[in-house]
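The values are calculated or read from the model by the stated rules, or taken from the named source; none is laboratory data. Computed from a prediction, not measured in an experiment: that's the story for all the values here. All Cβ positions, even for glycine, are placed from backbone atoms using ideal geometry, and neighbour counts span all protein chains on display.
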Amino acid sequence: MKKNIQNQLFFVTILFFVLGTLHISLALLGLVCFTLPFYQYFKNKDRVWCKYYCPRAGLFNVIFGKIGLKKKIPNWIKNGKGKQIVLYYFGINLFFATMSTIMVSLGRIDPIDYVRFLILFEIPIALPQLLTYSVPSPVIHLGYRVYSMMLTSTIIGSVLAFLYLPRTWCMICPIQTLTTKKV
Ligand code: SF4
């Protein structure tokens with residue numbers, strides 16, 4: 001029996017966002033959050049990540065376990081529409097991040113060196129970047145794209161957690177959708 005330590009791991013989510021302010025290349029560590037759940041799922045044939053370790057679920061539990069409006073969860077979240085929308089968004093986002101990083105590597109476009117919300121909207125606050133070592137421009141570009149994805153989903157998940165229940169985001173999270181047999 002595995003021990004549920006996700007609430008203790010909530011600080012990892014905060015640490016990720018702090019690391020991105022030191023140097024955006026460190027945001028590539030967020031790719032672990034995309035790959036580890038699938039690794040554990042195929043290894044254990046179970047959503048081990050979601051049940052025991054996910055730091056983002058831990059963050060939602062820790063913050064919104066005590067505060068929140070606890071409203072009734074709307075149908076679009078419960079009936080699968082929300083899952084579909086977020087899954088399509090996630091797919092488009094991954095495709096955009098991959099293709100644009102390739103284009104930056106080929107020198108066809110400049111790196112997008114700022115954070116966006118929902119792919120399109122530039123967040124008008126520049127990340128500090130306290131460390132000044134230099135890395136190739138595709139790393140800068142991909143770092144900002146990963147940071148943007150993580151920030152967007154954490155903001156939306158936090159709003160849902162405040163309105164409804166701490167882990168409402170999990171009902172539409174693409175990781176959950178893709179590691180659940182019946183999609
Ligand atoms: S559904 Fe998503 S947010 Fe929820 S525990 Fe799983 S990976 Fe984490």
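Here are the numbers for this structure:
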| item | result |
| --- | --- |
| Helices (runs of 4 or more DSSP H) fully within the stretch 15-111 counting 2 or more residues that are within 13 Å of the ligand (Cβ to nearest atom) | 31-44, 55-64, 81-105 |
| Single residue of the stretch 1-36 satisfying the filter (exposed (fewer than 15 other Cβ atoms within 10 Å of the Cβ) and under 15 Å from the mean Cα position of the chain (by Cα)) that is farthest from Val139 (Cα to Cα) | Phe11 |
| Pairs with Cβ under 8 Å, 6+ apart, first in the stretch 163-181 and farther than 14 Å from Cys54 by Cβ and aliphatic (A, V, I, L, M), second more than 10 Å from the ligand (Cβ to nearest atom) and not in a helix (DSSP H, G or I) | Leu163/Gly68; Leu163/Leu69; Leu163/Lys71; Leu165/Gly68; Leu165/Lys70; Leu165/Ile73 |
| Any pair with Cβ under 9 angstrom, 6 or more apart, that starts in the stretch 28-40 at a residue that is in contact (Cβ under 8 Å) with a residue 24 or more places away in the chain and ends at one that is among the hydroxyl-bearing types (Ser, Thr, Tyr) and not in a helix (DSSP H, G or I) | Pro37/Thr179; Phe38/Thr179 |
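So that you can scan it fast, the table gives a plain yes or no per residue for (1) loosely packed, with under 14 Cβ neighbours inside 10 Å; (2) at negative phi; (3) of a type in the set (Gly, Ala, Ser); (4) at pLDDT below 95:
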position	(1), (2), (3), (4)
Lys45	yes, no, no, yes
Phe60	no, yes, no, no
Lys66	yes, yes, no, yes
Leu69	yes, yes, no, no
Pro74	no, yes, no, no
Leu87	no, yes, no, no
Ala97	no, yes, yes, no
